Amino acid sequence: MKEDDAQAVGSRMAKLTPEQKFVTNIVMVVTMGALAFGYDTGVISGALPFMLRPPAQGGLGLTPFTEGLVTSALIVGATIGSLVCGHVADRYGRRDSLIVLSVVFIIGAVGTALSPSVAIMVAMRAILGFAVGGASALVPMFISEMAHSSRRERLVSQNEMMIVTGQLIAYILNAILAKISESPTIWRTMLVIAAAPAVLLGVGLFFVPRSPRWLASRGRMGEAEAVLQLIRSTPRQVRKEVSEISAQEGESSDQMGWREVLGKTWIRRLLLIGIGLGFTAQFTGVNAFMYFTPIILHQTGLGTEAALVATIGNGIVAVGATLLGIWMISRYPRRIMMTLGLCAVIVAHFGLGSTLLLLHGATLESAVALGCILFALLFIQMMVSPLYWLLMSELFPLRARGVLTGLSVAAQWMFNATVAFVFPIMLHWAGSWTFYVFALINLCSLLFVMKCLPETKGMTLEELETHLEQELSPAHSAHSETRTIPAGSV
């Protein structure tokens, strides 16, 4: 066995083992859901100008009110989807739930592209949002349960990479299609393209095994061990994980009910941490920048066309920053990265507010404002957003992971909707002071992270569950000055 382990270590240093390559391929398939997620959230920015035109000119004749309905319908659907799909995934499995979601993605994408009226468009956007929300909860969870602890950070972070890549693809395709096509209904082509990654997701999942953790939670240990033999490099790794999973599930193979979940103090505290992280991630203003950068820059005197080009810049920075984040996330503790990221976000919001207040009308106002926005996005997408999705995949106990992840991600979508709704109103009434408010909110988020966020790096999911139960239980809290877990503890 020692010889086998030594060969595996040597192989990992030189190249991925066949089992690791298989896991990488699984991640590529599963993150098609994240790619569809990103594309669907980004494509609407290019489709809306065409949809605003009257029906006689190929549009839907959207008014400001119906424009808001079309835009927000996806977020409402995503909130419901993440909540419902978390429970469904605990009952029927992560893989099978994602297969169903791929069908919902296709229905939503084709439905929005063919919508003959505003009412049907809103309904189809809500259906599409249901799939987006479900994928946002299930994809990171599934990856974390398939990945070995030594590769979990890097592989789960591929989820965020595919989200921002999907958004960038949407921005670029929107610009290209609008330029090369003279058809007033080109927006329908923009929307139907979202079906492509959904088809790849649905077909690819038939070649992907079920999560060994979910199989074990249903009492199917033999099947769980068979899957682990496919995705782990050595028999020793398989035996170790089987032993850990068996010990974790020794008391019961049933999923926790709501009463049991809410009756445990340490799980309630974890849920509050998960919801708090959703607040932290959304109130960085990431989607305010992704949705409203042209509006912000237009107020500095930049032309509409130039402002739209800057939106592509947002996507490029987001992709580059996520690549850096994936490199960093396997090397540095979660708490340190999140803390540094929030510090940079506070500086960026304060700088943007000061730029709009003090340089108003100056020649450099647009350039400095864009620099502040890109600086904020750099640190958000490098140190905050990837960590949020990673933490959602690993914080919660196995027998309630789907339900708790769904609740936390649903809360995150509600915070997303809040920012999207409130930001333009604040920008209209408060102007540059809006960004000082965001700086203050992010300062509060920073204090929350420093006080409450547990360090999860370096532990298997089973070790982490045991450690969190010990650290967050009332008996331990009574004898401890802090509830955070020391960085690097295993």
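Let me check I have the definition right: for the chain, take the eigenvalues of the Cα gyration tensor, multiply each by 5, take square roots. What are those semi-axes in whole Å, largest first? Present the calculation step by step, with values, prior to reporting the outcome.
On the way: eigenvalues 289, 142, 86 Å².
The three semi-axes for the chain are 38, 27, 21 Å.
Cross-link list 21/457; 240/264; 21/451; 264/457: which exceed 32 angstrom alpha carbon to alpha carbon? Display every interim value, and only then the final one.
Working: 21/457 23 Å; 240/264 28 Å; 21/451 38 Å; 264/457 24 Å.
From the list (21/457; 240/264; 21/451; 264/457), the Cα-Cα distance tops 32 Å for 21/451.
Measure off, as a whole percent, the carbon and sulfur share of the 1.4 Å-probe accessible area of the chain, all protein chains present.
Working: 13560 of 19660 Å².
Summing carbon and sulfur atoms, their accessible area is 69 percent of the total for the chain.
Scan the chain and hand back the longest stretch that contains none of the chymotrypsin sites (Phe, Trp or Tyr not before Pro) lying in DSSP loops with at most 11 other Cβ atoms within 10 Å. Spell out each step's value before the answer.
On the way: sites that count: 206, 207.
The reported range is 208-490.
How far apart, in nm, are the 7 Å Cα→Cβ label points at residue 240 and residue 312?
A separation of 4.8 nm, rounded to one decimal place.
Between helix 385-394 and the chain, what is the angle of the helix's C-alpha long axis to the longest principal axis, kept within 0 to 90° and rounded to the nearest 10?
30 degrees
Using the Karplus curve 6.51 cos²θ - 1.76 cosθ + 1.60 with θ = phi - 60°, what ³J(HN,Hα) values do you get for each residue of region 48-53, in whole Hz, with x for Gly and Pro?
Once θ is set to phi - 60°, the couplings for region 48-53 become 4, x, 6, 6, 6, 5 Hz.
Three principal axis extents, largest first, for the C-alpha atoms of region 41-90, in Å?
On the principal axes, region 41-90 reaches 48, 19, 15 Å in Cα extent.
About its Cα centre, what dipole magnitude does the chain give when the only charges are +1 on Lys and Arg Cβ and -1 on Asp and Glu Cβ, stated in debye to the nearest 20?
It works out to roughly 240 debye.
Considering just Cα atoms, how many Å³ per residue does the convex hull of region 137-193 enclose? All intermediate terms of the calculation are to be shown ahead of the outcome.
Numbers: hull volume 4.6 nm³, N = 57.
Enclosed volume per residue, from the Cα hull, is 81 Å³.
Probe 1.4 Å, all protein chains in place: accessible area of residue 91 in Å², nearest 10?
Taking all protein chains as shown, residue 91 has close to 130 Å².
Towards the positive end of the charge dipole of the chain, with charges on Cβ (+1 Lys, Arg; -1 Asp, Glu), say which of 367, 215, 149 has the farthest Cα.
Towards the positive end, the residue furthest out is 215.
Would you report the distance distribution of C-alpha pairs in region 55-186 as whole percents per 10 angstrom bin, up to the bin with the largest distance?
Bin by bin from 0 Å, the calculated values are 12, 33, 34, 16, 6, 0.
Placing +1 at every Lys and Arg Cβ and -1 at every Asp and Glu Cβ, with all other atoms neutral, what dipole size does region 55-206 have around its Cα centre, in debye to the nearest 20?
Details: 9 positive and 7 negative charges, 40 e Å.
In debye, rounded to 20, region 55-206 gives about 200.
Kirkwood Rh, Cα Rg: Rg to Rh for region 14-54? Show your work: numbers first, answer last.
Numbers: Rg = 17.9 Å, Rh = 12.9 Å.
Ratio of gyration radius to Kirkwood radius: 1.39.
Enter the accessible area per residue of the chain (Å², integer; probe 1.4 Å; all protein chains in place).
On the way: 19660 Å² over 490 residues.
Per residue, the chain has 40 Å² of solvent-accessible surface.
Which listed residue (424, 74, 164) has the Cα farthest towards the positive end of the charge dipole for the chain, taking +1 on Lys and Arg C-beta and -1 on Asp and Glu C-beta about the Cα centre?
The residue sitting most towards the positive pole is 164.
What's the FRET efficiency of residue 363 with residue 330 using the Cβ-Cβ distance as r and R₀ = 41 Å, to the nearest 0.05?
Using R0 = 41 Å, I get an efficiency of 0.40.
What do you get for the angle between helix 18-30 and the principal long axis of the chain? Use alpha-carbon atoms, 0 to 90 degrees, nearest ten.
40 degrees
Enumerate the residues in region 14-29 having an amide nitrogen under 19 Å from the point lying 7 Å beyond the Cα of residue 323 toward its Cβ.
28
For the chain, what's the relative contact order in percent, using C-alpha pairs closer than 8 Å and at least 6 residues apart? Could you put the intermediate results ahead of the total?
Numbers: 789 pairs, mean separation 108.4, N = 490.
Relative contact order, the chain: 22 percent.
The values are calculated or read from the model by the stated rules, or taken from the named source; none is laboratory data. Because the structure is predicted, anything quoted here is derived from the model rather than measured. Every residue, glycine among them, receives a Cβ derived from its backbone with ideal geometry; neighbour counts consider all protein chains shown. Remember, those area values only see protein heavy atoms, side chains included, never the ligands or the DNA or RNA. Shrake-Rupley method; radii C 1.70, N 1.55, O 1.52, S 1.80 Å.
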